[in-house]
Amino acid sequence: MKKINRYFILLWIVSLLPVLFACEEADTLVPTTGNEVTGIRIMLPDGTNADFAVTPDDKNVINVKVFGPMNTDRTKVRMSVSLPNNATVVSPSPLGEYMDFTKPVSFEVVGADNAKKSYTVNATFTPNDVFQVSLTLPNGTVFTGQSSPNPNDTIIVEVSDNYTEQLSNIKVGAALPGSATTTTPFPATSDLTSPVSFTAKGAHGIQGDYVIKVKVVPAILEIKPLWNKTATELNFVTHNNGAVAISGDYLVVHERTKFDYYNITDGSKAGTMSFEGIDWANLTRIVPLFMANDDAGNIVATNFYMSRWMPEGGNNIIHMYWWEGVTAEPKLLFSYDVQLPGLTGNIDVGRKIYVTGDIRDHAFLYMGVSFQNIFLRWEIKNGAPVSNQPEKITFNPGYQMGQLNTIVPIEFGKNSNYFISRFENGAAKVAITYMDGTTHTPLYASEHHIQNIFHQWLGGGGSFDYLDLKGARYIFIIEQNAYNWMKQVYNVRTVISDPETTSKNPLDYLVPGTRVWNGWTPMDPNYGDNGNVTGDVVTKVADDGETAYVAFLCTNAGVTVWRVNLK
């Protein structure tokens, strides 16, 4: 009987269910119609994530400060955003994929009601780890070293070899962001005759182990002149010789109609390079104003482009050729129809060329655009450009470039830092400007020469090259005007390793004996003035790795070749 009662009770409960739920309508999901961004996550290549609650300004610009390693590749940063329900993001680079944060990143949020709002994210990247150490010697001399910095990094500090006896009693300092700490309290006195280790804790709590090592760099540059020949001795053509290049055992001397090459050790003529098949004569500008070598000794040259004095029916085309050594036949590297819209004033292309790497394998070719703060860069692989259209790099040195827009990278690589020539009101100056290869703004800019009764300067400084020899770093430069020229050398090791504290007076790192006041050399009297103040300097580490060749050419004057080493 009890079982039957339970059965009827169960039926009664089931019969009530429709009644109970019939009184309540089904829920309806109502979309959220907003398109506001309330949060952002920045994801760095090393796996570090940074989350931000954001409030855009009145222009919908979001500014965030990201703590991360100094060597973060900002072109490989990913981002996600917090949005209202049912809102979507429209972006040139989809969320979660690589975005280029070297520049502002823009995207659009579309709400559920199709209302749209555009946002721009400006991300400032700040190191969260040790980025510099300083070593103060007992005599007060300070050396600094940059970290590349990664956890377990080694920080190399270069010390001139004339200070090695003081390495056992050095005051060590470390530069960190304000929120980072180290296990070793700095500054601390240490013995740097052997490596010193310490641990740093970054802004996000990430610990890294660091090692400080001293690299002893030879301090004295020894110069051995090999040969010097005047314009007359080299059979120059007036105003036609503007460049030199080094290929193997030979120095190549540029002339607008031929390239002769000479034994680099003694200056004896060895031959003339082939121009077979070069079609410059069929173009509007029919001669090369310059040439250059890459790191492997391949030679490049092109006809030039000039916006002014364009003949009727002329074109903007340049043809860049290259030679695999002085005895090779020329091959077309690329053809380029120069298009630089939006620029005002004079525009020349082809007055200065620089190449790093090996064209046969991987290289970068640079050409400064005369009178403009722009240079062109081609990436080359296996003897061909990756694209016939160059990258057009705008840089901001704080002044307007002149005719000889010289770009000299310090190493191989797309984002290499580089030196540029200095100008004031279009006139070249003897000064050093060192540029950041990512931001294209100055890391260092020295003062330039000032004329007075005691220090007479020729001016000019558009002809120079950079040399890294066993960690010692120099710029070899021609100081010149239309009537005279002078060769000189600057030690730029601290400019590169510690640009912020390096003296702004270039005389403080002029290599002694390389500039004799008023000791300049005049133009060859058979050729007259060098009105465009043109010339060239090329450096090349010798096969022994211990010495280097340096060649100077001054138009209408001649050529000088040195062999340099450290002692």
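Computed from the coordinates by the stated procedures, all read-outs in this text should not be read as laboratory data. The model shown is predicted, which means the values in this text are computed figures rather than measured ones. Because the Cβ atoms are built from the backbone with ideal geometry, glycine has one as well, and the counts that use them run over all protein chains shown.
Details
- Hz values of 3J(HN,Hα) by residue in region 434-439 - Karplus curve (6.51, -1.76, 1.60), Gly and Pro given as x: 10, 10, 6, x, 9, 8
- Kirkwood hydrodynamic radius of region 208-310, from the reciprocal of the average inverse Cα-Cα distance over all distinct pairs: 16.7 Å.
- Paired Rg and Dmax values of region 338-400, which use every Cα atom, in angstrom: 12.6, 37
- Counting beta carbons within 10 Å around each of R377, R351 and listing the fewest first gives the order R377, R351.
- Shown here are the Rg and Dmax of the Cα trace of region 463-567, at 14.8, 47 Å.
- If you wrap region 221-566 in the convex hull of its Cα atoms and look at it from every side, the mean projected area works out to 16.6 nm².
- Peptide packing for 90-103, 401-414 was compared via the average number of neighbouring C-beta atoms within 10 Å per residue; ordered from the highest value, the list is 401-414, 90-103.
- Each Cα pair under 8 Å and six or more residues apart adds its sequence gap; the mean of these over the residue count of region 89-129 is a relative contact order of 34 percent.
- Karplus 3J(HN,Hα) series, Hz, for region 502-507 with 6.51 cos²θ - 1.76 cosθ + 1.60 (x for Gly, Pro): 5, 4, 7, 8, x, 5
- Volume of the Cα convex hull of region 368-500, divided per residue and given in Å³: 135
- Peptide packing: for 390-397, 462-469, the average count of neighbouring Cβ atoms within 10 Å per residue gives the ranking 462-469, 390-397, highest mean first.
- Shown here: region 472-512, whose C-alpha atoms stretch 36, 19, 16 Å along the first, second and third principal axes, sorted largest to smallest.
- The phi torsions of region 254-267, fed into the Karplus equation with coefficients 6.51, -1.76 and 1.60 and a -60° offset, translate into couplings of 6, 9, 5, 10, 6, 10, 8, 10, 10, 4, 5, 7, 10, x Hz, rounded to whole numbers, with Gly and Pro shown as x.
- Amide H to amide H distances under 5 Å link I407 with G368, where only residues 5 or more positions off or on other chains count and H is placed in the peptide plane.
- Long-range Cα-Cα pairs in region 374-425 (distance over 12 Å), rounded percent: 72
- Distance between region 36-113 and region 382-447 - C-alpha centres, whole angstrom: 31
- Given +1 at the Cβ of Lys and Arg, -1 at the Cβ of Asp and Glu and no other charges, the dipole of region 308-459 around its Cα centre is 160 debye to the nearest 20.
- q = 0.20, 0.21, 0.22 Å⁻¹, region 304-351: log10 I(q)/I(0) [Debye, one scatterer per Cα]: -0.76, -0.80, -0.84
- The share of C-alpha pairs in region 39-126 whose separation exceeds 22 Å stands at 22 percent.
- Bridge orientation summary for region 39-126: considering DSSP beta bridges with both residues in this region, about 75 percent are antiparallel.
- Of the peptides 514-523, 313-322, 114-123, the ranking by mean beta-carbon count within 10 Å, highest at the top, reads 313-322, 114-123, 514-523.
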